[in-house]
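For reference, the structure is listed below as C-alpha cells.
The values are calculated or read from the model by the stated rules, or taken from the named source; none is laboratory data. On a predicted model such as this, the values are computed, not experimentally measured, just so you know. As a convention, Cβ positions derive from the backbone with ideal geometry for all residues, glycine included, and neighbour counts pool all protein chains shown. Areas reflect the complete protein model, heavy atoms only, side chains present, ligands, DNA and RNA absent. Shrake-Rupley method; radii C 1.70, N 1.55, O 1.52, S 1.80 Å.
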Amino acid sequence: QVQLVESGGGLVQAGGSLRLSCAASGGTFSSYAMAWFRQAPGKEREFVVSVSRSGGSIYYADSVKGRFTISRDNAKNTVYLQMNSLKPEDTAVYYCAADLVTGQAMRRILPKYWGQGTQVTVSS
C-alpha cells in the first residue's frame, strides 16, 4: 500500500509558476501510474494529468495542456507537476493519486490512493 505526500503549493500571481512534488512510500513506486487531480471550492474534483508507470505516456486535461508538465523520478519515488502561466482558475487543492492501472486509465477512474492535498492559489 502506497502513501503519498504532496508539497510545493502556495500563493502566486497570475502568469507565475509553481512546482508541486508528491513523494511516495510504502510501495513499489514504479508499479503505479500516477496522476494529479484538483478540486476548486464548490466544484467537483477534476483530472489534471497522469503519467504511466515508466513515464513514457502522459495524458493532460485540455485546460492545462501546454502550461503544466508532469514528470516522475522512479529512483526518488517522486512525481512532479510543473505549473507555468498560472491563471486564477487554476486555484484549487491539488491532489496526487496512484493506482495499479495504466496512465490512460487514470483519466477515467477514481484512483485508489490519494495524498492529503496541497493548496494552490493564483491571484489576479
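The figures follow:
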item: Whole-angstrom gap from segment 1-51 to segment 92-124, using each part's C-alpha centre; result: 5 Å
item: Sequence-separation-based contact order of the chain, relative, with Cα cut under 8 Å and 6+ spacing, percent; result: 36 percent
item: Equivalent ellipsoid, the chain (semi-axes from 5 times Cα gyration tensor eigenvalues, Å); result: 22, 14, 13
item: GluC sites (Glu not before Pro) restricted to DSSP loop in segment 38-124 with at most 13 other C-beta within 10 Å; result: 44
item: Solvent exposure of the chain as accessible area per residue, Å², 1.4 Å probe; result: 49 Å²
item: Low-density loop positions, trypsin sites (Lys or Arg not before Pro), segment 50-96 - DSSP coil, at most 16 other Cβ in 10 Å; result: 65, 67, 76
item: Protein accessible area in segment 1-82, 1.4 Å probe - carbon and sulfur %; result: 45 percent
item: For segment 14-62: rounded, prolate or oblate by the Cα gyration tensor [a/c cutoff 1.5]; result: prolate
item: Cβ-placed point charges (K, R +1; D, E -1), dipole of the chain about Cα centre in debye, nearest 20; result: 160 debye
